[in-house]
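Okay, structure first, notes after.
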Amino acid sequence: MGPRLPVPRRRLLAVALLAPLAACASRPPPIPEEPPPPPLPPLPDVRRIVLIHPRSGEKADVIYYHNGAYDPRAMQKIELLLRDRRTGQVGRIDPLLMDFMFDLLQRTGLPPSTEVHVSDGFRSPGTNADLVRNNANAARESYHLTGRAMDFKVPLLPGAALGEIAKTMQRGGAAYYPSTGHTHIDTGPNRTWKTR
């Protein structure tokens, strides 16, 4: 054991050894806070859809949502295009169905100007009953009856891929029908089913 240091020297040595540790533990001086940047104005929420009925050649190219609300005139044009083609009856279309379609196109990376070829929209009870009798794919309690369903193709995309993307969105019903090449979406519960 070495010689003991006098008390003042021991204190001096302890201070010398602990000084670097104290320096490490001390906080740096606070950086003065800069005021936050002013908030950016919200982007305009504008939703456009381009629907075509290939057999008749009718087209509805509309901005159906803007300024925080659905546009009634645009929705009337959509409802006219999606009318029951057998009876001519025009039914109310659920605006959320258009949002589903709009968001589906966005998911695929396609622009809002993309043409959606619609084969079936609103159905009257008589038309739906005839379809159920003659088509195994038709549902007795179809969401087409309440304007909450649409069958369509997007020429720029394979139907099977479109159907799979629609299913992953969990926005309602979605299925692809290989026999006709069309995709079905609706605003009912999240689900899919076997198709032919």
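Looking at the stretch 47-186 alone, DSSP beta bridges between its own residues are antiparallel in about 90 percent of cases. By the beta-carbon count within 10 Å of each Cβ, the least crowded to most crowded order of Arg47, Arg73, fewest first, is Arg73, Arg47. The label point for Ser179 and the one for Leu96, both projected 7 Å from the Cα toward the Cβ, are 3.0 nm apart. For Met98, Met75, Met150, the sequence from fewest to most other C-beta atoms within 10 Å is Met75, Met98, Met150. In this simple spin-label model, placing a label point 7 Å from the Cα along the Cα-to-Cβ direction at both Thr195 and Val50 gives a separation of 2.3 nm.
Roughly speaking, what is the stretch gain from Asp103 to Asn67, that is 0.36 nm per residue apart minus the C-alpha to C-alpha distance, in nm to one decimal?
Numbers: separation 36, 0.36 × 36 = 12.96 nm, distance 1.79 nm.
Extra length from Asp103 to Asn67 when fully extended: 11.2 nm.
Fewest Cβ neighbours within 10 Å first, please rank Thr114, Thr87 accordingly. Mind dumping the intermediate values first?
On the way: Thr114 17, Thr87 13.
Ranked by crowding around the Cβ, least crowded first: Thr87, Thr114.
Å³ per residue of the Cα convex hull, for the stretch 47-186? Present the calculation step by step, with values, prior to reporting the outcome.
Values: hull volume 14.6 nm³, N = 140.
Cα-based convex hull of the stretch 47-186, divided per residue, equals 104 Å³.
No value in this document is a laboratory result; all are computed from the given coordinates. Quick caveat: nothing in here was measured; it's all calculated off a predicted structure. Virtual Cβ from ideal backbone geometry, glycine too; neighbours counted across all protein chains shown.
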